[in-house]
Structure formats: C-alpha cells, structure tokens
Amino acid sequence: MARPFSEEETEESTALRCQYEQHGVENYYAQFGVEYRNPHEPIIAEVLREAVSRWSPDISSVLDLACGSGEISLALRELGAEHIDGIDPFTGEAYLARTGKHAEAFRFEDVAAGALSERRYSLVACSFAMHLLEESWLPSLLFQLGEISDSLLILTPHKRPELKAEWGWILQDEFMIERVRARLYRLKK
C-alpha cells in the first residue's frame with residue numbers, strides 16, 4: 001500500500017494513510033469520496049503556481065486525472081486555465097460541490113483501456129494519485145495518455161511513480177516544495 005508521506009507527516013496525511021490502510025484505497029474513496037478534501041491543498045496550489053511560472057505549460061485544455069475534490073482544477077482555473085475536464089470514479093459529488101462541474105467517473109484502468117481515446121488535451125495533470133496505481137497498469141495508462149496529450153504534469157508526495165522512458169514519456173524537469181514533487185513530462189517523439 002502506498003503511503004502519502006514517508007517522513008514528517010502532517011496529522012491530516014497520517015489520518016488519511018490510516019484510512020487507506022483500514023479500508024483500502026478504493027473502499028476509502030467509495031465510502032468517503034463525497035466529503036474528501038486533500039489535506040495538502042495549499043501546497044498543491046503553491047506547487048502549481050511555481051510549475052506554471054517555471055515551465056509555462058499550455059493550460060488551455062486540461063485533463064485533471066483523478067481530480068479528487070478539484071484541488072488542481074481550482075488552482076489552474078485561478079492561473080487562467082480555460083477548459084478543464086475532471087475524472088474520478090469516487091469524488092464526483094465533492095468535485096461538483098467545489099468546482100460547479102461534473103467529473104466523469106473513469107478509473108485509471110478505464111483510461112488505460114482507451115476510455116478517453118477520442119479526446120485531446122494540451123496538458124494532463126495528476127496530483128497525489130498516480131502513485132496509488134499498481135505499477136503493472138502504468139505502461140497502458142501512459143500509452144493512452146500519450147494518445148490524448150503531449151504533456152503530463154504529475155504532483156506526488158514522494159518519488160513514485162517513476163516513469164520509465166520505454167513507456168513513452170521523457171522527464172523534462174522537476175522540482176520539490178515542502179516534499180511535494182512536480183514533474184513535467186513530454187511525449188517522446
């Protein structure tokens with residue numbers, strides 16, 4: 001089971017990790033997704049501001065992958081993102097309450113199977129979620145993400161996931177603020 005933070009955890013992240021361990025990740029979100037809030041939202045917003053300032057990614061059409069209650073969507077909206085689609089199989093009600101938009105209920109596995117293959121985004125952003133996916137699903141997921149976007153931004157509270165070059169993505173740059181890593185990947189051409 002993945003841990004949200006490995007050292008000096010906050011009380012909220014420790015509580016969330018305990019909930020993951022008690023219920024399992026999927027069951028936790030199935031039971032509590034309506035009321036879910038990422039306890040690290042302020043740092044997520046700060047990291048996104050720095051990422052947009054540093055890398056100037058095209059945020060005109062963004063997929064908020066595993067959107068939670070909208071932490072990425074809200075921060076990117078403040079930074080000028082024009083079109084954001086959120087997907088999350090468990091937190092749709094929380095996302096709607098905070099963003100005013102519906103999130104589609106796709107799982108990582110649905111995306112890996114091609115559920116979004118007819119779409120195109122300037123950026124796919126995933127915060128505090130991709131490290132929870134079984135590594136065996138990563139190659140298929142990343143292939144499908146490469147079919148819909150050339151840019152991938154991952155925010156993670158530790159080193160996972162570590163993307164392998166053979167999965168089609170090249171790390172362009174990364175930085176860390178308060179133990180939150182931002183990684184910008186470009187599709188290998």
- Quarter of the surface of the C-alpha convex hull for the range 37-189, i.e. direction-averaged projected area in nm², equals 7.9
- Those lysines that a straight Cα-Cα span of less than 28 Å connects to Lys188, excepting residues fewer than 8 apart in one chain: Lys159, Lys164
- Task: For Asp110 and Arg179, compute 0.36 nm times the residue count separating them, minus their Cα-Cα distance, and round to one decimal in nm.
- Result: 21.9 nm
- Could you list which residues have their amide H under 5 Å from that of Phe175, counting only those 5 or more apart in sequence or on another chain, with H placed in the peptide plane? Ala182
- Share of the range 139-185's accessible area from carbon and sulfur, percent, 1.4 Å? 46
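The values are calculated or read from the model by the stated rules, or taken from the named source; none is laboratory data. Since the model is a prediction, treat every value here as computed from it, not as a measurement. Keep in mind that these areas ignore ligands, DNA and RNA; they rest on the heavy atoms of the full protein, side chains included. Shrake-Rupley method; radii C 1.70, N 1.55, O 1.52, S 1.80 Å.
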